[in-house]
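Following: one structure in C-alpha cells, then a few remarks.
The values are calculated or read from the model by the stated rules, or taken from the named source; none is laboratory data. Treat the numbers as computed from the prediction; the structure is a model and nothing was measured. Here the Cβ is made from the backbone with ideal geometry for all residues, glycine too, and neighbour counts use every protein chain on show.
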C-alpha cells in the first residue's frame, strides 16, 4: 500500500517544515545569476536549485512556464530537476496549471502522475475552468499513487477576482463551490482522511474568507514574498488548519542568490519562520 | 507592417476554407495507426500528420498534452511539427490552454508568441481562470506579431457548465462577461477591426446562446465530430458571423487513418462541408 500524499507531506513537514521553495527561473533571474538566458543557463540553474534546496526545505515547486521557454531542452532540464529532487527525498509540486476536457486530462495524468513518466511529480497544479468532474483520471491516479492534484481555487493576483468571485448555482462563489466539490471528491476517494485533491488558496487579505473545512484537503498557499503576502497573512488565512498548508515563496528567496551560502541561509530562515507560524497541532 | 491574424485567417479561409485539423495523437491513435505509443511513434505521427494536412486544410491544431506525454522528445516532435507546418503555409493553433499570473504569462508569451521561439505558433489557446487582465504580454505580443490568443470561453464538455455559467458582478454569466472583456481588449488593441484576442466557443446546443457581437473577435469552435457537434450546429451557433469561425475536428478525422488517401479524402470532404456551411459574406 502506497502512503497518501497527505501522509508523505506530514512526514516532510515534521522533518523540514512546510515551506515550498518555488523554482521559477525567469529570464531576469538567469541573467542576474550570471547563467545566461539560454538552455545551457537553465540547465546550470537546475544544479544550483538542487544545491540550494536539499537540506533546507522539504518541497520544491518548479513553474513549468520558465522551463518551457527554452523548448525541448528546457523540458529536459525540468525532467532532470524533477527526478533528481525526488531522488534526494524532496517532494516535487509541478506548477503547470493544466486543465482540459476529459480525454486530454487523461493525457495530462500520464504526463505528471504516472509512475515512470518523464515528468512524474508528487503533485501537480491544475485549473478548474473546464470542470473538476473532467479530471477523473488525474484524481484517481493521484489517489492510487500517493500523489496530489492541486486545484487553483483562489489565486494570488487581483486580475482573477472577477471570475473567482462569480456566483454559482448554489448562491456561493465559484471558489467556495470548488472547495465543496473538492470535499465531495475527497470524501469519495479517501473517506475520513485528507484526500488526494488539494486546493491552491492564496492568502489574499481584504477578500471574503473562504470556508476551508469542507475540502478535507491540503492547501498550497502561493504568493509569499515578492507577491506581497507575509507569513502572518498565511497564518491568519489558515488559522483553522495550520498543519495542512504548504506556503510557497520563489522570487524573494531566489533573489538572494547566486551566492550559495546566502541563498541557503535565507531559505532556512524562512523555513524556520513557517515552522513557527504554522506549528499547529 | 505585419498582417493581423484576422487577415491571415481570411486569406487561408479564401484558399482552403475554415476547417481546423486537430492533431491529437492519443495513445489509442498511435496504436491503431501501428506507430507505437513511444517518442519514436509520435515522431512518425508528425510526418503522417503533415502529409495529411498540407493541401487539404489551411489550419492545424496540435493539442500539447499528447506531445507532452512523451517528455522532452515529444516536445521536440511538437516543435518540428509546428515549424514544418508553418513553413508549408499552414496556420498553427497550439492548443495549450495555458494561463497564470502576469509574470508567468510573460514567460508563456515567450514560449508561444515570440518570433524565433522554439514553439512559435500563429495562435495559442489560454484559459481565463486567473483573469484576462493578467495576459497583457500575451495579447500585445499577439497584436504586434500578427498572432492570436484564443481564450477558452465556452468549452465543449458538460462538466464545465457550472463554472462557465456562474453569474458575475454585471449579472451576466462568466462566459458572456469574458466575451465583453475580449471585446474591450480588442477595441484597445485594434480599434474598428477584428482584434488579436479570439474566443473558444463550443457549439453547445441546449445552453443559452451567447451574444458574440461584443467580442470583435475570431472564434475557434471545438468539438466537431467525436465530441458530438455537427457542421449544422456550428452553422447555427455562429449564424451571425460565419466568416469569423474556425471549426475544429480531430478524432473523427484522424480515425480515418492510417491510410493516407482515405485520411486526406475525409479531411477534404469535411473541409468542403464547412466551406459551404460557413460561406457567409
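Can you tell me which residue among B:42, B:23 is in contact (Cβ under 8 Å) with a residue 60 or more places away in the chain, buried (at least 18 other Cβ atoms within 10 Å of the Cβ) and within 30 Å of residue A:113 (Cβ to Cβ)? I'd like the intermediate steps shown before the answer.
Numbers: B:42 fails: in contact (Cβ under 8 Å) with a residue 60 or more places away in the chain.
So the residue among B:42, B:23 that is in contact (Cβ under 8 Å) with a residue 60 or more places away in the chain, buried (at least 18 other Cβ atoms within 10 Å of the Cβ) and within 30 Å of residue A:113 (Cβ to Cβ) is B:23.
Among the residues of the range A:144-152, is any free of Cβ contacts under 8 Å to residues at least 60 places away in the same chain, outside any helix (DSSP H, G or I), more than 7 Å from every other protein chain (Cβ to nearest Cβ) and crowded, with 21+ Cβ neighbours inside 10 Å? If you could, list the steps in order and put the result at the bottom.
Restricting attention to the range A:144-152, the residues satisfying the condition of being free of Cβ contacts under 8 Å to residues at least 60 places away in the same chain are A:149, A:151-152.
Now narrow it down to the ones that are outside any helix (DSSP H, G or I): A:149, A:151-152.
From what's left, more than 7 Å from every other protein chain (Cβ to nearest Cβ): A:149, A:151.
Filter again for crowded, with 21+ Cβ neighbours inside 10 Å, leaving A:149, A:151.
Yes, some residue in the range A:144-152 is free of Cβ contacts under 8 Å to residues at least 60 places away in the same chain, outside any helix (DSSP H, G or I), more than 7 Å from every other protein chain (Cβ to nearest Cβ) and crowded, with 21+ Cβ neighbours inside 10 Å.
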So which of A:65, A:96 ends up being at pLDDT 95 or above and not in a strand (DSSP E or B)? A:65
Count - residues of the range A:99-119 that are more than 7 Å from chain B (Cβ to nearest Cβ), under 24 Å from residue A:155 (Cβ atoms) and touching a helix residue (DSSP H, G or I) at 6+ places or on another chain (Cβ under 6 Å): 3
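Between B:206, B:280, which is touching a strand residue (DSSP E or B) at 6+ places or on another chain (Cβ under 9 Å) and at positive phi?
The conditions single out B:280.
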Scan the range B:224-269 residue by residue and report those that are in a helix (DSSP H, G or I) and within 18 Å of residue B:95 (Cβ to Cβ). B:234, B:251, B:252, B:253, B:254, B:267
Just the residues that are closer than 26 Å to residue B:104 by Cβ and without any contact (Cβ under 8 Å) to a residue 40 or more places away in the chain, please, taken from the range A:238-281. A:252, A:256, A:259, A:262, A:266, A:269
Give the residue, chosen from B:71, B:58, that is under 23 Å from residue A:126 (Cα atoms), crowded, with 19+ Cβ neighbours inside 10 Å and in contact with a helix residue (DSSP H, G or I) (Cβ under 8 Å, 6 or more places away or on another chain). B:71
Which residues, counting only those in the range A:121-132, are in contact with a helix residue (DSSP H, G or I) (Cβ under 7 Å, 6 or more places away or on another chain) and touching a residue at least 24 places away in the same chain (Cβ under 8 Å)? A:121, A:122, A:123, A:124, A:126, A:128, A:129, A:130, A:132
Quick one: in the range A:161-205, which of the residues that are over 22 Å from the mean Cα position of the chain (by Cα) and part of a helix (DSSP H, G or I) is surrounded by the most Cβ atoms within 10 Å (Cβ to Cβ)? A:162
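Going by what's in this entry, would residue B:48 be described as surrounded by fewer than 18 Cβ atoms within 10 Å (Cβ to Cβ), modelled with pLDDT of 95 or more and within 25 Å of residue A:106 (Cβ to Cβ)?
On the way: surrounded by fewer than 18 Cβ atoms within 10 Å (Cβ to Cβ): no; modelled with pLDDT of 95 or more: yes; within 25 Å of residue A:106 (Cβ to Cβ): yes.
Judged against the criteria, residue B:48 is not a match.
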